[in-house]
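Q: Mind looking over this structure? Questions follow.
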Amino acid sequence: MNPTNWFEESHSKMPKLWWWILVGIFIIGGLILPMFTEIDVHLDMSIIFIFALLSLSMGFLWGYGGMLSFGQTIFFGLGGYTYAIWALNFQETTFGLILAVCVPLLVSCGLGYFMIYGRISNIYFTVTTLVTTIVLEKAVRATSDDRFVIGSVRLKGQNGISSVPDLQIPWNPDETLFLTGVYYVTFVALFLTYIGLRMLLITHFGRVLVSIRENENRTELLGYDTRRYKLGAFVISGGIAGLAGALYGIWGNFVAPEMMNLNSAANIVMYVIVGGKSTLIGPILGTAVVQRVTTELGMAGVGQVTLYLGLMLIIFVMVFPRGILPTLGTLTFITFHKIKNYYKNNFDKGDKRG
Amino acid sequence: MNELIIYLYQIAFSLGLFILISLGLAIIFGMMGVINLAQGEFIMLGAYFCLFSMQAGFPFWASVILASLGVGVFGIIVERLLIRFLYGRIMDTLLATWGLSLFMVGLVTTVFGPSEAGVEAQLGKIWFGDYSIATYNLVLILLAFVMLGLTYCLWRFTKFGLIVRGTMQNPKMSAAMGINTKRYYMLTFGLGSALTGFAGAMIAPIVGNQPTMGVFYVAKAFITVISGGQLPLLGTFIASTIFGITDGIISFASTQVVGEICVLLVAILLLRLLPKGITGRFKRGF
Amino acid sequence: MSLLMNRRKFFHTATGALVMASSASVLKAAGADGEPIRIANILDRTGGLNIYSLKQIQAVSMAVEEINAAGGLLGRPIELVFYDSQSNNQMNSQYMTQALVRDKAAAVFAGVTSSSREVMRPIAKKFRGLLFYNSMYEGGVCDKRHVCVAQVPAQQLAPLVPAVVESYGKKAFIIGADYVYPHTTAKWIQKYTREAGGEDIGVEFFPLDVSNFGPVISRIQAAKPDVVWSVLVGSANNAFYRQYESTVGKANIPLASCMFGIGREQVYMSADEAAGIMNTTPFHDDLPTDKAQEFVRNFKAYSGEDDYVGDYAEYGYRGVNIWANAVKKAGDPNPDAVIAALDGVQFDSPGGMVTIDGQTNHAVMDIHRVITNRNQSWDHIETYSQIQPLDTQAVCDLNANPNDNKQYFLEL
């Protein structure tokens, strides 16, 4: 076991019992939280879950696929807009939600194929994803004129689409999910995705993916078609980002081009850096921390929030390049082993001092 | 005929602008593989320094020079405090400089407020029939090429340029020959920053000063440098030409938005066809 | 800028929001005691949109201070909670919900952009609150829980366009920012221009981050209009005025604008670049009435800043005061009671008499035609009295449909 990445190695095996217990506790905690808090807390928590989902997609792609994508916001925006346009046109949201995941899956397949099979990698891959999200944002922002209509829904460019319908309960379309309902949906989506990805990493696919991240050439020489695995990871994270986008539309009842702009793209990267890209929990934690800090700073009136965010990002890159969680993990490991050795040296029965 | 002149002018202006905003970044990227995402904020800083020195009484062109020097010094400070710890870690420099850009925007907004009075450099107009062109814009185009040319001369004909080129091609060998590579990295970063500051000061009279003005340029500078590939001067020139022609023609014939989107799409296409940039396969040159 | 506080105290409630209340001694002296009435103000103090909000934030708190110093509202002090939405729409959602659920605000004064308003209106409906939207927009919102005290396009343009056609000529070239408000405004300009016997020979829109207007200026020169209308918004778009002056010049083709000045743009430009643009506005600093001048003096003293105040500050001030008058008329700060009492509520604001039109919850107000001068301010030309919000009245009737909750877009 290695002090710096003991928890990373463990990701390729079935999780141990303590993991299941912790997850169980969090799930139960999350499910009963609404009973003890007010509605606006549910709202705040849901948006954290939604961005955590988006960060998770980005962190998975980067941390385990080795691809730094600034473009998860492409699928975030596509998912949100698809849901909004479908739901407003047909007053039906269940299929809308499914479609809102499928459209990003398709687009990520196309975009991924273009990039990955074109052997675009590293910084050029990142730039291409960045440019694509900017292009999409500019294109959607230019739809303010009233001739840009899909079905009966006007795209309204920069303003975005408001009055996006609440999610209907599939078996009872007259009932819709209100604030607390949205909380449950986003929470369930988040932990199911997390568990799903965790299990994915144990499978053959997951382990080849990690080996590609470690050394693509070597993996290829071992006979694997790395492009297929990379494309698979890209598509999966695209789908997750699309789901997050649809949930965002449900959360605030609005979607807008700012979901896809440079700022949003970079924010996601920041969440993942702060939390650490080498775990799956990292992005979730990073999102929670930065979102909370942003909201609190906004209420405390300390002035320009970007100043503090920028400083935070610099500090994290320089001092904690692997993020909070791995750093904490390393500290825990070192402390734990120091204690273990101390006891072993001083209190072990097989005393060798005499 | 007049329309043709205007088309040529739009292309030249777009091209000149691309060269101006990317030149500094290209040198830094070509030399050290550092992507400075705070490029836009360095431009903004150049514009603000120009404004301050004009408020202090200096004439416009002197202020431009002062602004370049000021941003150059700032660049050296940033390099010492931040960049030099991150050489070789291209992703980390990307992210750290993004943090720097957020910080700079926040700082300038806090200290100077969300907008500022602009600078003026009225040089009159030139008329072609029904059309007129601001003389200043023509001067800007000219100076963009002059800067490119000066940098080329610096690279090709001076000892400094020789050492810089050598260090770019093979840092370890240069170090083995006794060159203090760290010092040259610092100086190169300073030079790149100074060029960027110059760009900012030149742009200021056209667009005005506000803390977020840099954001509009960073993506353009970024794609120009990346598409250009590893040779900073040649790559920047070729990429700027391609994008300048695209932008100039389409923006004038259609709308600005379509022009911008086309430039970005062309960039993606270039990256797909030439994954290491335009000059990625060039063995020689700069 | 700083929010100066000398007789107020700032304290943080459990929610962490900024709460301002007049100090206890002031309230006692004024005779305002009892359970405070809470209102919320959600605006962008930071971020790119703050150029519109900064003065309004101070104006709102000044209005609250004045009311408290005069004895409070229904004998009770007003407590103001402020949230900085950081030019981020997501924050608007969160803070609006918090203001209604946790602070139980009797009224929320919020929103600059249309998209922020559209995000907050459904929340006002969900929690039975009251939203005062103190900002110019494209018109058409029909919602009893929403009140707009600023001008809408028909009010602004009906007096301005004919005057422009008469002063400058019949051929108009219109450029605007690419989002819904300028698109709607451009349509009104086209309509009124044609009605005045003119024609629009070109209409173009630009995203908010465009700062290079070279190509369109060349196209304008090719089209040879008599006047160029600018419905451009935001700091990047302001580059247009500089580039226009250095290329064409207002002396050759004059400029008119219904947006210039709302971000106090003339303060940041040279006299050459800013002077000579015609506009209409419900308020400007050089309005030659006693009320206007008194407001400007008081505001400058309150804020400690000496620069141009502007109409957005005045909207915030009149918004709070209209709400206060509505509360007095209703006798009860509860939102539903206030909503029922809104029709006909008046306030003699610094810009002129403002009356709420119960049919639309928009305001009837005086409109002033102005032209920029070389001193970073406006020269007053003439005043048009009590202009109705005709565009919204054409599509909205809250008396007939009190549960209407939509924004209508006029087919023009």
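The values are calculated or read from the model by the stated rules, or taken from the named source; none is laboratory data. Bear in mind that the values here come from a model prediction, so they are computed numbers and not experimental data. Using ideal geometry, Cβ is built from the backbone for each residue, glycine included, and neighbour counts are taken over all protein chains shown. We work out accessible area using only protein heavy atoms, side chains counted, and drop any ligands, DNA or RNA first. Shrake-Rupley method; radii C 1.70, N 1.55, O 1.52, S 1.80 Å.
Q: State the percentage of accessible surface on chain C attributable to carbon and sulfur atoms; use a 1.4 Å probe and exclude ligands, DNA and RNA.
A: On the way: 6130 of 12550 Å².
Solvent-exposed carbon and sulfur of chain C make up 49 percent of the total.
Q: Checking an interface number: how much accessible area is buried between C and B, summed over both chains, with a 1.4 Å probe, in Å² rounded to 100? Intermediate values should be presented prior to the final figure.
A: Working: alone 15430 and 13840 Å², together 26590 Å².
Counting both chains, the buried surface is close to 2700 Å².
Q: In nm, give the distance between the simple-model label positions of C:S385 and C:N405, each being 7 Å from the Cα along the Cα-to-Cβ direction.
A: 4.1 nm
Q: Now for a different question. If the limit is 24 Å between Cα atoms, which of C:K104/C:K328; A:K138/B:K125; A:K156/C:K406 go over it? Numbers along the way, then the final one.
A: On the way: C:K104/C:K328 19 Å; A:K138/B:K125 33 Å; A:K156/C:K406 15 Å.
Beyond 24 Å: A:K138/B:K125.
Q: What percent of all Cα-Cα pairs in the stretch B:2-273 falls into each 5 Å bin, going from 0 up to the bin containing the maximum distance?
A: 1, 6, 12, 17, 19, 17, 14, 8, 4, 2, 1, 0, 0
Q: Here's something else I'd like to know. Where does each of C:H284, C:H380 land when they are ordered by accessible area, with a 1.4 Å probe and the largest first?
A: C:H380, C:H284
Q: Once Lys and Arg get +1 and Asp and Glu get -1 on their Cβ, which of A:F205, C:S114, B:V34 lies farthest toward the positive end of the dipole of the protein assembly as shown?
A: It is A:F205, whose Cα lies furthest towards the positive end.
Q: Quick one: how many Å² of A:Y343 are accessible to a 1.4 Å probe, rounded to 10?
A: 130 Å²
Q: Beyond 14 Å, what share of the Cα-Cα pairs of the stretch C:109-188 remains, rounded to the nearest whole percent? Please list the in-between numbers first.
A: Details: 2081 of 3160 pairs.
Roughly 66 percent, once rounded to a whole number.
Q: Separate question: Using 7 Å Cα-to-Cβ label points, what is the C:D348/C:E166 separation (nm, one decimal)?
A: Here the answer is 3.0 nm between the modelled labels.
Q: For the pair C:A271 and B:N180, what calculated FRET efficiency results from E = 1/(1 + (r/R0)^6), where r is the Cβ-Cβ distance and R0 = 51 Å, to the nearest 0.05?
A: The calculated FRET efficiency here is 0.45.
Q: How large is the accessible surface of C:Y317 in square angstrom, using a 1.4 angstrom probe and rounding to the nearest 10?
A: Accessible surface of C:Y317 is approximately 30 Å².
Q: Expressed in nm to one decimal, what extension gain is obtained for the pair A:C102 and A:T203 from 0.36 nm per residue of sequence separation less their Cα-Cα distance? Kindly include the intermediate steps, with their values, before the conclusion.
A: Working: separation 101, 0.36 × 101 = 36.36 nm, distance 2.33 nm.
Contour length minus Cα-Cα distance gives 34.0 nm.
Q: Considering only C-alpha atoms, what is the centroid distance from the stretch A:307-349 to the stretch C:322-371, in Å?
A: One Cα centre to the other: 61 Å.
Q: When the distances between all Cα atoms of the protein assembly as shown are binned every 10 Å from zero, what whole-number percent does each bin get?
A: Bins of 10 Å from zero give 2, 10, 19, 23, 21, 14, 7, 2, 1, 0, 0, 0 percent of pairs.
Q: Identify which of A:S264, A:S152, A:S211 has the largest mean-square fluctuation in a Gaussian network model of chain A, with springs joining Cα atoms closer than 10 Å.
A: Per the Cα network of chain A with a 10 Å cutoff, A:S152 tops the list.
Q: Right, something else. Counting only heavy atoms of the protein chains, get the accessible area per residue of chain C (1.4 Å probe) and round it to a whole Å² value. Each step should come with its number before you reach the end.
A: Working: 12550 Å² over 412 residues.
With the other protein chains kept in place, chain C gives 30 Å² per residue.
Q: Given Cβ point charges of +1 (Lys, Arg) and -1 (Asp, Glu) and nothing else, what value in debye, to the nearest 20, does the dipole of the stretch B:2-273 about its Cα centre take? Mind showing how you got there, number by number?
A: Values: 12 positive and 9 negative charges, 231 e Å.
Rounded to the nearest 20 debye, it is 1100 debye.
Q: Could I ask something else about it? With +1 on each Lys and Arg Cβ and -1 on each Asp and Glu Cβ, how big is the dipole of chain C about its Cα centre, in debye rounded to the nearest 20?
A: Values: 36 positive and 44 negative charges, 181 e Å.
It works out to roughly 880 debye.
Q: In Å², nearest 100, what accessible area do chains A and C bury in total when the solvent probe is 1.4 Å? Don't skip to the answer; put the middle values down first.
A: Numbers: alone 18180 and 15430 Å², together 30440 Å².
The summed interface area works out to 3200 Å².
Q: In addition: If you average the alpha carbon positions of the stretch C:103-161 and of the stretch B:222-286, how far apart do those two centres end up, in angstrom?
A: The distance from the Cα centre of the stretch C:103-161 to that of the stretch B:222-286 comes to 45 Å.
Q: State the answer as a single residue: which of C:Q58, C:V233, C:L255 lies farthest towards the positive end of the charge dipole of chain C, with beta carbon charges of +1 for Lys and Arg and -1 for Asp and Glu, about the Cα centre.
A: About the Cα centre, the residue reaching furthest to the positive side is C:Q58.
Q: Tell me whether the stretch C:154-281 comes out rounded, prolate or oblate; compute the Cα gyration tensor, take square roots of the eigenvalues as a ≥ b ≥ c, and use a/c under 1.5 as the rounded threshold.
A: On the way: a/c = 1.36, a/b = 1.26, b/c = 1.08.
Because its axes are fairly even, with a/c under 1.5, the stretch C:154-281 counts as rounded.
Q: Post the alpha-carbon centroid distance, the stretch B:1-23 to the stretch A:96-146, in whole angstrom.
A: Using only Cα atoms, the two centres lie 30 Å from each other.
Q: Ordering C:R128, A:R213 by accessible area with a probe of 1.4 Å, largest first, what comes out?
A: Numbers: C:R128 140, A:R213 70 Å².
So, going from the largest accessible area down, we get C:R128, A:R213.
Q: Can you flag which of C:K55/C:K191; B:K182/B:K220; C:K126/C:K329 are past 27 Å Cα-Cα?
A: Numbers: C:K55/C:K191 33 Å; B:K182/B:K220 29 Å; C:K126/C:K329 25 Å.
Too far apart for the 27 Å limit: C:K55/C:K191; B:K182/B:K220.
Q: From the Cα gyration tensor of chain C, with a ≥ b ≥ c the square roots of its eigenvalues, which class applies: rounded if a/c is under 1.5, or else prolate if a/b is larger than b/c, or else oblate? Working shown, then result.
A: Numbers: a/c = 1.88, a/b = 1.60, b/c = 1.17.
Here chain C falls in the prolate category.
Q: Counting alpha carbon pairs within less than 8 Å and at least 6 residues apart, what relative contact order, in whole percent, applies to chain A?
A: Numbers: 500 pairs, mean separation 105.4, N = 354.
The normalised contact order for chain A reaches 30 percent.
Q: In Å² (nearest 100), what accessible area is buried between B and A, both sides summed, heavy protein atoms only, 1.4 Å probe? Mind showing how you got there, number by number?
A: Values: alone 13840 and 18180 Å², together 28690 Å².
Counting both chains, the buried surface is close to 3300 Å².
Q: Follow-up question, since we're still on this one. What per residue convex hull volume, in Å³, comes out for the stretch B:142-270 when only alpha-carbon positions are used? Display every interim value, and only then the final one.
A: On the way: hull volume 16.1 nm³, N = 129.
Here the figure is 125 Å³ per residue.
Q: Along the charge dipole of chain B, which of B:L138, B:T181, B:G24 sits closest to the positive end, that is, farthest toward it, with unit charges on the beta carbon of Lys, Arg, Asp and Glu (+1, +1, -1, -1)?
A: Sorting the options by dipole projection puts first B:T181.
Q: Can you tally the net charge around B:S14? Count Lys and Arg as +1, Asp and Glu as -1, for every other residue whose Cβ sits under 15 Å from the Cβ of B:S14.
A: Values: positive: B:K220; negative: B:D247, B:E260.
Surrounding charge for B:S14 is -1.
Q: Give the relative contact order (percent, whole number) for chain C; include only Cα pairs under 8 Å separated by 6+ residues.
A: On the way: 875 pairs, mean separation 71.9, N = 412.
RCO, chain C: 17 percent.
Q: Gaussian network model of chain A, Cα springs within a sub-10 Å range: biggest mean-square fluctuation belongs to which of A:F320, A:F76, A:F333?
A: Per the Cα network of chain A with a 10 Å cutoff, A:F333 tops the list.
Q: Given a 1.4 Å probe and heavy atoms of the protein chains only, how would you sort A:W20, C:W378, largest accessible area at the top? Walk me through the intermediate numbers first.
A: Details: A:W20 105, C:W378 10 Å².
Result of the area sort, largest leading: A:W20, C:W378.
Q: Using a Cα-Cα cut-off of under 21 Å, which lysines could be cross-linked to A:K344, ignoring same-chain neighbours fewer than 8 residues away?
A: A:K352
Q: While we're looking at this one, here's another question. Rounded to whole Å and ordered largest first, report the semi-axes of the equivalent ellipsoid of chain A derived from its Cα gyration tensor (root of 5λ).
A: Numbers: eigenvalues 276, 125, 81 Å².
The three semi-axes for chain A are 37, 25, 20 Å.
Q: Might you report the magnitude of the Cβ-based charge dipole of chain A about its Cα centre, with Lys and Arg at +1 and Asp and Glu at -1, to the nearest 20 debye? Write down the numbers at each step before the final one.
A: Working: 24 positive and 20 negative charges, 311 e Å.
Dipole magnitude for chain A comes out near 1500 debye.
Q: To the nearest 0.05, how large is the calculated FRET efficiency for C:K125 and A:M14 if R₀ is 41 Å and r is the Cβ-Cβ distance? Walk me through the numbers before you get to the answer.
A: Values: r = 49 Å, r/R0 = 1.20.
Using R0 = 41 Å, I get an efficiency of 0.25.
Q: Using a 1.4 angstrom probe on heavy atoms only, work out the carbon and sulfur share of the accessible area of the stretch B:2-273 in %. Please report the intermediate quantities before stating the final value.
A: Values: 6910 of 9660 Å².
On the stretch B:2-273, the fraction of accessible area on carbon and sulfur atoms equals 72 percent.
Q: If you don't mind, there's one more thing I want to ask. How much length would be gained if the chain were fully extended between C:I201 and C:E294, taking 0.36 nm per residue of separation minus their Cα-Cα distance, in nm to one decimal? Kindly include the intermediate steps, with their values, before the conclusion.
A: Numbers: separation 93, 0.36 × 93 = 33.48 nm, distance 4.33 nm.
Answer, rounded to one decimal: 29.1 nm.
Q: For the pair A:T176 and A:V149, what calculated FRET efficiency results from E = 1/(1 + (r/R0)^6), where r is the Cβ-Cβ distance and R0 = 22 Å, to the nearest 0.05? Don't jump to the answer; show the numbers that get you there.
A: Values: r = 25 Å, r/R0 = 1.13.
The pair A:V149/A:T176 has a calculated efficiency of 0.30.
Q: Percent relative contact order of chain B, based on C-alpha pairs within less than 8 angstrom and at least six residues apart? Present the calculation step by step, with values, prior to reporting the outcome.
A: Working: 448 pairs, mean separation 103.0, N = 286.
Here the relative contact order equals 36 percent.
Q: Okay, moving on. Hey, in the GNM for chain A with a 10 angstrom Cα cutoff, which one of A:G282, A:G77, A:G252 fluctuates hardest?
A: A:G252
Q: Then there is this: Among the aspartates and glutamates, select those whose C-alpha is under 14 Å from the C-alpha of A:K16, and discard any that sit fewer than 8 residues away in the same chain.
A: Correct list for A:K16: A:E8.
Q: Among the aspartates and glutamates, which fall within straight-line cross-link reach of C:K224, defined as a Cα-Cα distance under 14 Å, with same-chain neighbours fewer than 8 residues apart omitted?
A: B:D130, C:E199, C:D200
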